[in-house]
Amino acid sequence: MTEQIIIAGSGGQGVMLLGKVLAETAMFEGKHVAYLPAYGPEVRGGTSHCMVNISDKEIGSPYISKADTLIILNNPSLERFKDKVRSDGLLILNSSLAEIHDYAKIKIFSFPFTDIAIKLGNIKVANMVALGCYLSAKKVIKADDVLKVFKFMAPEGNLKILEINQRALKEGIGLNNG
């Protein structure tokens, strides 16, 4: 099993955190992982992205030319990365901030992650809603293990951050089932 994921959005949308949670959870589960964040001037509001490789075997390179899954959080990221998904791949799209046209060959899960995060009380958890959507679509890592990683990564003593991220993850998981 090998899963190659490109995650993209604007700086401040939690793209790197989403990728890091995926990578940390896969490592927690004993899988091989490569995480390639793209830092640069784009983190100040432009397109920000990272690449995550998860595999049962050793990974030769962290770079992904064609992803199995694209997780896209805004329209500029969609425009930049729409051709970076395999023809039989999956696009998970934040329909609050992006709209897709004529993508017949790939599977698309398009949900309003930002709107859902606002309803939960914190716009910053749209990335975790997207992660939940990914978890229910791909089954590469376990949601219970993601929750364990959340507890490990959360600032000590800040239960509110942990709780809102858990709620956002569960909302995202429920999207594909509803």
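Worth a mention:
- The one condition from (1) under 14 Å from Ile92 (Cβ atoms); (2) out of contact with any Cys (no Cβ under 8 Å at 6 or more places or on another chain); (3) assigned to a helix (DSSP H, G or I) that Leu147 does not meet is (1).
- Only residues that are buried (at least 18 other Cβ atoms within 10 Å of the Cβ) and part of a helix (DSSP H, G or I) were counted across the range 107-119, and they come to 4.
- Of the residues contained in the range 92-105, one or more are found to be more than 21 Å from Val52 (Cα to Cα) and among the aromatic types (Phe, Trp, Tyr).
- Filter pass, Leu169 being without any contact (Cβ under 8 Å) to a residue 40 or more places away in the chain and in a helix (DSSP H, G or I): no
- Boolean, Lys148 is more than 21 Å from Lys20 (Cβ to Cβ) and not aromatic (Phe, Trp, Tyr): no
- Total residues in the range 49-105, condition β-branched (Val, Ile, Thr) and exposed (fewer than 15 other Cβ atoms within 10 Å of the Cβ): 1
- Test set (1) in a loop (DSSP other than H, G, I, E, B); (2) touching a residue at least 40 places away in the same chain (Cβ under 8 Å); (3) not aromatic (Phe, Trp, Tyr) - Leu131 fails condition number: (1)
Every number in this text was worked out from the coordinates using simple rules, so none of it is lab data. Keep in mind it's a predicted model, so treat the numbers as computed, not measured. In this analysis, Cβ positions are derived from the backbone assuming ideal geometry, glycine residues included, and neighbour counts consider all displayed protein chains.
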